[in-house]
2 protein chains.
Amino acid sequence: MSDFFEAHRATLDAALSAAGTRGYWSAYPESPSPRVYGETAKAEGTAAFEALLDKPFELDQPTTGERVGAEVSPYGRPLGVTYPATDPDALVAAAKAAGKAWAAASPEDRAGVALEILARLNRQSFLIADAVSHTTGQSFIMGFQAGGPHAQDRGLEAVAYGFAEMKRVPGAVRWEKPAGKGMVVLDKAFRLVPRGVGLVIGCATFPTWNGYPGLFASLVTGNAVIVKPHPGAILPLAITVKIARDVLGEAGFHPNVVTLAADTVEAPLTKALATHAEVGIVDFTGSPVFGRWLRDNVRQALVYTEEAGVNPVVIDGTASFKGMCQNLAFSLSLYSGQMCTAPQNLFVPAGGIDTDEGHKSFDEVAAGLAKAIDGLLSDPDRAAGVLGAVQNPATLERIKTARSLGTVVRDSAPVDAPALAAARTATPLLLAVDASAEDAYLEERFGPIAFVVKTKDTADSIARAAHSAKTRGAITAAVYSTDEAVIEEASAAFADAGVALSVNLTGGLYVNQSAAFSDFHVTGANPAGNACLTDTAFVAGRFRVVGIRTPVAA
Amino acid sequence: MSDFFEAHRATLDAALSAAGTRGYWSAYPESPSPRVYGETAKAEGTAAFEALLDKPFELDQPTTGERVGAEVSPYGRPLGVTYPATDPDALVAAAKAAGKAWAAASPEDRAGVALEILARLNRQSFLIADAVSHTTGQSFIMGFQAGGPHAQDRGLEAVAYGFAEMKRVPGAVRWEKPAGKGMVVLDKAFRLVPRGVGLVIGCATFPTWNGYPGLFASLVTGNAVIVKPHPGAILPLAITVKIARDVLGEAGFHPNVVTLAADTVEAPLTKALATHAEVGIVDFTGSPVFGRWLRDNVRQALVYTEEAGVNPVVIDGTASFKGMCQNLAFSLSLYSGQMCTAPQNLFVPAGGIDTDEGHKSFDEVAAGLAKAIDGLLSDPDRAAGVLGAVQNPATLERIKTARSLGTVVRDSAPVDAPALAAARTATPLLLAVDASAEDAYLEERFGPIAFVVKTKDTADSIARAAHSAKTRGAITAAVYSTDEAVIEEASAAFADAGVALSVNLTGGLYVNQSAAFSDFHVTGANPAGNACLTDTAFVAGRFRVVGIRTPVAA
C-alpha cells in the first residue's frame, strides 16, 4: 500500500501545489498521440472495447444473480453489455462491511490506492474514450480528453483536496495547560471517521468527468463508495469500478469498498440508495428535477449536486467580430450543446454593437453567429468531430418544438457525414427572440438550442443575464466588450450571481472549458448546483474528527 | 481598518498555529484576577451591568419602534431591559445593503474588524460575565470564563479558520497552457463572494460561547450577520452586537453588518428569518425539535446545528475510585447539569467493578457517586459556585417527574445558600435503573438528572452507550477502565458513533470541558448536531469563489 503512495507521491505533491497556485497544470496528458501513450495504445483500446461488447461485464461483487444493461451507442450500435443487478440493502451492507478496514487505513494508504486507480485509469484512456463516446455520443477526441485525462485530473484534484484536509488534523498532541503552580496534561488523539457510505449518481453525458470528483473525494476520506451510473452510460463507470476493485484487492482491502449499482430506467435504484440510512454522502450530476428531489428528501446524508443552468453571454462589443463569432460558434456546436457549460442565451442590444468591422445591427450579429456555425460545420468530418452525436432521443424532440419559440436564425439539421451515418445528430438551432419572451429563453433547453436575445441595451443585458443566473442557475457566463467599465460591471453582477465569467474569448479557449486545479467548476452559489468541483467545502465534510483524551500523570 | 489587522496579526498567527497543532493555547486569560484584568475591572463590570438594568438598551439599528425584552435572572431579579423590536424583512434588507461593502472588503480588513471586536469583548468580560450569569443562571466564575474568554477564544478560532480558508484561494493567477507550438494564456482573478446573510440563533444557556463561532465565521467570510438571541438570554448578545457595531462603524463599514433580532416567546421571529430568501447561513444551538424543524424547512441556506445529546459514561473499573467519583460528581453538578457536555447515563455492570479500593458492587458505585456529590455540595457557598441557578422553570418540573423513572440514589433539592436565596436551584438527581428501562434513560433529560444504568457487563455497557450516542446523539462520552483492551474497544465504538471520548478523568479536568484550538466540539457525526465547532467544514461553505478569466494576447 505504502508503495502506491510513494510511487505517486510526486504527483500528489504537484497536484497540491497546483491547486494552491491555480496556474496551468495537468497530471495526465490530454493528447492521444502515440508519442505520449504509445504506438499501440489506440488499437489496444479499441480491441479492449470491442472485446467487452455483447457480453456480460464481469464484476465479482454482490448481485441478485440477474443482469441489467441496455446501452445503445448514440452512434447507432447497441452495446449488448450486461452488468450484475444488485439489491440496494445488500450492496450497502457489503460496502459498509468492506469499509471498516478502509476507514481505519491511514490517509497515505488511502491516497496511494486512489492515485494508483487514477494511474491505471489513465493507462486505459483509449478504452475509456470508446466507452464514453459510445454511451454519451461524444466524439472520440472528446471522449478521450474529457472522459480520460481531464476526468482523471478532476479525480486527482479531489484526492489532493481530501488528503490535504485530512492531514490538517494532527494524529495526536500532548495538551499542557498551566493550572495554578502545576499543569493539567492530557494526551489527545484524533481519529478520522468516515461520514458513511458514499453514493455517486452518474450522468449520461459526462459519466467520468462528473463522477470522479465525488468518487475520489469520498474514497480518499475513508468512505466506501457505491457508483450508480445513468442507465444510458454505465460502461465507463463499470470499467472504472473494475479498476478500482482490482487496486483495492491488491492493496489488501476488500474490493467492495467500491461497487457498481447498475440499474434500468424501468426499475431505478437511486432513491432507495440515496435515502438509505447508512448512506452518508450523495454526489449527483443530473437534472434539476431530480436534484431537487434529492435535496428535499435525502435527510441522512450530505448532498452535493451539479444540476443545470441557463448559461448567458453578454455581447456589448468586440475588437474581433470574426473571432467572437467563431469562438461562440464552436461553444454552441461542441458536443451538440450538451455540455453543462455551453451557452444558451446570447444577449445583444436592439441597437446593435460596435466592432472592429464597424457597427453591427442586432440582425447582423445574429447572422454573423449563424455564418460562423455554418463555416465551422461545413466540412462533414470536422462537423462530426465537433458535434459528436446526441445522447438522448428526447433532445431531438426538444429541438423540434423549440423552433416555434422564436425567429429561426439558423436551423438545426442532422449531420451528413459518413462517420455519422447511423448516429443521432443535430447541428445548433439558433433563434432570435425579444427579451420579453422569457418563457422561451429562461427555461433550460438542453441540447443544441440557443437564443439571441434582443435587449434594450447592455445594462439591460447584464441585468437580465445575471438575474437569470441567480434564479435559474448558470455554470458559465461570458461577456464581450471593449469597455473596461462594462467588463467590471459584468464581473460584479456575475460574481454576485455566483457564476464564473469568461471575458472576450476570441481564440482557442472556450467558455465551455473548465480546467482542473485552476477553474472552480460550479460555484455552489446559484441553482446550477450546490457544490463546487473542487474546493475545500467539497471534501471537508466527508470525514469527521473524533477526539480521545487521556490525562497524563504529572 | 488595516490598523486593526496589524494590531491583532500576532494573535491571529498564534491562533492559526494553535488550531494546526491543537496543543493548549488561549488568547484571552480565563482568570478574573485583578492582576490580569486590572484592579478596577470587576467593579467597573458590575457598575456597567447595573447601569443597563431597568432601561431601554440603546442600539441604533432598524426597528419597528416597539420594544421587546422580558428577561428575568434565574437568581431572581427581572432585568427590566428592553431592546428595539424588528421586522424580519426590514432587518434582512438592512443587513443585505450594509453587507455589500463588507463583502467587497479584503479578508485582512474583515479579520481585523473581527479581531478588534473580540479584543473589545475581552475588555468587557466582567460585564459579559454578569450579563451571562443573570440570564443563564451560570455562576459568576462560569459566566466570566465560559461567557467571556472561552467564548472569545471560540470566536477567534472561527476567525482563524475562516481567514485561513479564504487565503487558500489566490486573488489572481496567470494561466499558461502549452498548445501546439504556442501557449494559451489567461489572466484569472478569483473573487470571494458571501453565501448570504448569516443568521445566528442563540441559546439560553451559553449565548456567547455557542453563538460566537457562527457569528464570527459568517462575519469574517464576508456575510452580514443577524443575531437572534433566545428571549431568555438577550443581554449578552445585545452587548456583543453593540460592540461589533461600534467597531464596524469606526472601520468605515455600515454598522448594520451586525444587527440584533430580539424577539419574544409569544411572537418569535426565528422561522421568518431562517426561511428568508436572502438568508444564506443559519447557525443554531438549541433543542433537537427546533433543530429538526430547521433542517427540514430551511431550503435556501446552509444550516449548522448543535442540538442535544444523551452523554454516556462507561464505568468498567478504576485505579482511583475516589477520584472517579469526585470527578463525575463535579461533572454532574456543574451548572446544575445544564451543559450540553454533561453526562446523563453512567453505565455500570450488574456485577460491579474492580477499583483501587477493592471490588465495588453496582450499588456501591452508585452510592459512591451520590456521596461524592453530597461532599462536593456540602458547603453552601461552594455549592452555589458549582451549581449556579436553573435557567428555565421547566427544568424543575422535569426533575419532579423524573423521580419516578428509577430508584432514587440521590435526590435533588434546592440549595440552601445565602447567595441563592432568591434563585431557582436544584442539586443533581441520581437514579438507578436497569438497562432495559430505555424509555427512562435514553431520552434527553435536560438539567441535573442522571442515571446509573445496570448492564450485563462492560461489553454491554459499551454497546448500549455507543448505540445511544449514534441514535440519540452525544457530544461527550467518558470511560473508566484499567484495561487497555476495554479502553481501545470503547475508543473504537465511540469513534464509530462520532462522539469525543475522555478516558479515566480523575483529576482537575472534566468531561464537560471543551478547549478551543484543541478539542473539536461536536463531531457532526451523530444526532447531537450536524456541525463541529470549529473545523474547516464549519467555515468553508460560508463563502464561494467566482473566477473571472481573460485571454492575454500572446
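A:ARG382 meets each of the listed conditions (1) over 29 Å from the mean Cα position of the chain (by Cα); (2) in a helix (DSSP H, G or I); (3) of a type in the set (D, E, K, R) apart from (1).
The residue that is nearest to the other protein chains (Cβ to nearest Cβ), among those in segment B:528-554 that are open to solvent by less than 20 Å² (accessible area, probe 1.4 Å) and either under 22 Å from A:VAL173 (Cβ atoms) or modelled with pLDDT under 95 (or both), is B:THR536. For residues in segment B:56-84 being aliphatic (A, V, I, L, M) and open to solvent by less than 60 Å² (accessible area, probe 1.4 Å), which is nearest to B:THR425 (Cα to Cα)? The extreme case among them is B:LEU79. Among the residues making up segment A:464-489, those that are closer than 20 Å to A:VAL365 by Cα and out of contact with any Gly (no Cβ under 9 Å at 6 or more places or on another chain) are A:ARG464, A:ALA465, A:ALA477, A:ALA478, A:VAL479, A:ILE487.
Condition first: assigned to a helix (DSSP H, G or I) and either among the acidic types (Asp, Glu) or touching a Lys or Arg at 6+ places or on another chain (Cβ under 8 Å) (or both). Now tell me which residues in segment A:87-112 satisfy that.
Quick first cut of segment A:87-112, residues assigned to a helix (DSSP H, G or I) only: A:88-104, A:107-112.
Hits for segment A:87-112 are A:ASP89, A:TRP102, A:PRO107, A:GLU108, A:ASP109.
Please enumerate the residues belonging to segment B:88-98 that are open to solvent by 10 Å² or more (accessible area, probe 1.4 Å), in contact with a strand residue (DSSP E or B) (Cβ under 9 Å, 6 or more places away or on another chain) and not small (Gly, Ala, Ser). Answer for segment B:88-98, where residues must be open to solvent by 10 Å² or more (accessible area, probe 1.4 Å), in contact with a strand residue (DSSP E or B) (Cβ under 9 Å, 6 or more places away or on another chain) and not small (Gly, Ala, Ser): B:PRO88, B:LYS96. Screening the candidates A:ALA492, A:ALA525, A:ALA477 for the property of being within 10 Å of chain B (Cβ to nearest Cβ), over 16 Å from the mean Cα position of the chain (by Cα), surrounded by fewer than 24 Cβ atoms within 10 Å (Cβ to Cβ) and among the hydrophobic types (A, V, I, L, M, F, W, C) yields one hit, A:ALA492. Given (1) within 14 Å of another protein chain (Cβ to nearest Cβ); (2) hydrophobic (A, V, I, L, M, F, W, C); (3) in a loop (DSSP other than H, G, I, E, B), identify the lone condition not met by A:ALA70. A:ALA70 satisfies all of (1) within 14 Å of another protein chain (Cβ to nearest Cβ); (2) hydrophobic (A, V, I, L, M, F, W, C); (3) in a loop (DSSP other than H, G, I, E, B) except (1).
Scanning segment A:510-522 for residues that are more than 8 Å from chain B (Cβ to nearest Cβ) and not hydrophobic (A, V, I, L, M, F, W, C), we see that the one that is farthest from the chain's Cα centre (by Cα) is A:TYR510.
Being among the acidic types (Asp, Glu) and surrounded by fewer than 20 Cβ atoms within 10 Å (Cβ to Cβ) is the filter here; which residues of segment B:268-287 pass it? Please lay out each step first, then the result.
Keep residues of segment B:268-287 that are among the acidic types (Asp, Glu), which gives B:278, B:283.
Scanning segment B:268-287 gives a single hit, B:GLU278.
Among the residues that make up segment A:430-440, is at least one of them under 25 Å from A:PHE206 (Cα atoms), of a type in the set (A, V, I, L, M, F, W, C), surrounded by 19 or more Cβ atoms within 10 Å (Cβ to Cβ) and touching a helix residue (DSSP H, G or I) at 6+ places or on another chain (Cβ under 8 Å)? Taking every residue of segment A:430-440 in turn, at least one turns out to be under 25 Å from A:PHE206 (Cα atoms), of a type in the set (A, V, I, L, M, F, W, C), surrounded by 19 or more Cβ atoms within 10 Å (Cβ to Cβ) and touching a helix residue (DSSP H, G or I) at 6+ places or on another chain (Cβ under 8 Å).
I'd like the full set of residues that are open to solvent by less than 10 Å² (accessible area, probe 1.4 Å) and aliphatic (A, V, I, L, M), limited to segment A:252-267. Don't jump to the end; show me each part of the working.
So in segment A:252-267, the residues open to solvent by less than 10 Å² (accessible area, probe 1.4 Å) come out as A:257-263.
Answer for segment A:252-267, where residues must be open to solvent by less than 10 Å² (accessible area, probe 1.4 Å) and aliphatic (A, V, I, L, M): A:VAL257, A:VAL258, A:LEU260, A:ALA261, A:ALA262.
From the list B:LEU533, B:LEU501, B:LEU505, the one residue that fits, being within 15 Å of the chain's Cα centre (by Cα) and aliphatic (A, V, I, L, M), is B:LEU533. Every test in (1) at the interface with another protein chain (Cβ under 7 Å from one of its Cβ atoms); (2) farther than 30 Å from B:ILE487 by Cβ; (3) touching a Leu at 6+ places or on another chain (Cβ under 6 Å) is passed by A:ALA450 save one, and that test is (1). Here is a check on your reading of the model: is B:VAL289 free of Cβ contacts under 8 Å to residues at least 12 places away in the same chain, away from chain A (no Cβ under 14 Å) and in a helix (DSSP H, G or I)? Judged against the criteria, B:VAL289 is a match. Put simply, of B:PHE190, B:PHE216 the only residue that is under 30 Å from A:ALA500 (Cβ atoms), hydrophobic (A, V, I, L, M, F, W, C) and within 13 Å of another protein chain (Cβ to nearest Cβ) is B:PHE190. Mind checking which residues of segment B:24-48 are assigned to a loop (DSSP other than H, G, I, E, B) and surrounded by 17 or more Cβ atoms within 10 Å (Cβ to Cβ)? Of everything in segment B:24-48, those that are assigned to a loop (DSSP other than H, G, I, E, B) and surrounded by 17 or more Cβ atoms within 10 Å (Cβ to Cβ) turn out to be B:TYR24, B:TRP25, B:SER26, B:ALA27, B:TYR28, B:GLU30, B:PRO32. For segment A:386-422, the set of residues classified as open to solvent by less than 30 Å² (accessible area, probe 1.4 Å) and farther than 20 Å from A:ILE373 by Cα consists of A:GLN391 only. Restricting to segment A:240-249, and then to whatever is open to solvent by less than 10 Å² (accessible area, probe 1.4 Å) and of a type outside the set (S, T, N, Q), can you tell me which residue is farthest from A:GLY112 (Cα to Cα)? This residue is A:VAL241.
When B:GLY507 is tested against the conditions (1) of a type in the set (Gly, Ala, Ser); (2) at the interface with chain A (Cβ under 8 Å from one of its Cβ atoms); (3) buried (at least 23 other Cβ atoms within 10 Å of the Cβ), the lone failure is (3). Restricted to segment B:288-303, and to residues there that are over 18 Å from B:ILE226 (Cβ atoms) and either in contact with an Asp or Glu (Cβ under 7 Å, 6 or more places away or on another chain) or aliphatic (A, V, I, L, M) (or both), the residue that is surrounded by the fewest Cβ atoms within 10 Å (Cβ to Cβ) is B:VAL289.
Does B:ALA101 qualify as being open to solvent by 50 Å² or more (accessible area, probe 1.4 Å), within 14 Å of another protein chain (Cβ to nearest Cβ) and more than 30 Å from B:SER333 (Cα to Cα)? Even if it seems obvious, please write down each step before you answer.
Working: open to solvent by 50 Å² or more (accessible area, probe 1.4 Å): yes; within 14 Å of another protein chain (Cβ to nearest Cβ): yes; more than 30 Å from B:SER333 (Cα to Cα): yes.
Answer is yes for this residue.
For segment A:446-468, a residue qualifies if it is buried (at least 23 other Cβ atoms within 10 Å of the Cβ) and within 19 Å of the chain's Cα centre (by Cα), and the qualifying residues are A:GLY447, A:PRO448.
The values are calculated or read from the model by the stated rules, or taken from the named source; none is laboratory data. These figures come from a predicted structure and were not determined experimentally. Reconstructed Cβ throughout: ideal geometry from the backbone, glycine too, with neighbour counts over all protein chains shown. For accessibility, only protein heavy atoms count, side chains too; no ligands or nucleic acids. Shrake-Rupley method; radii C 1.70, N 1.55, O 1.52, S 1.80 Å.
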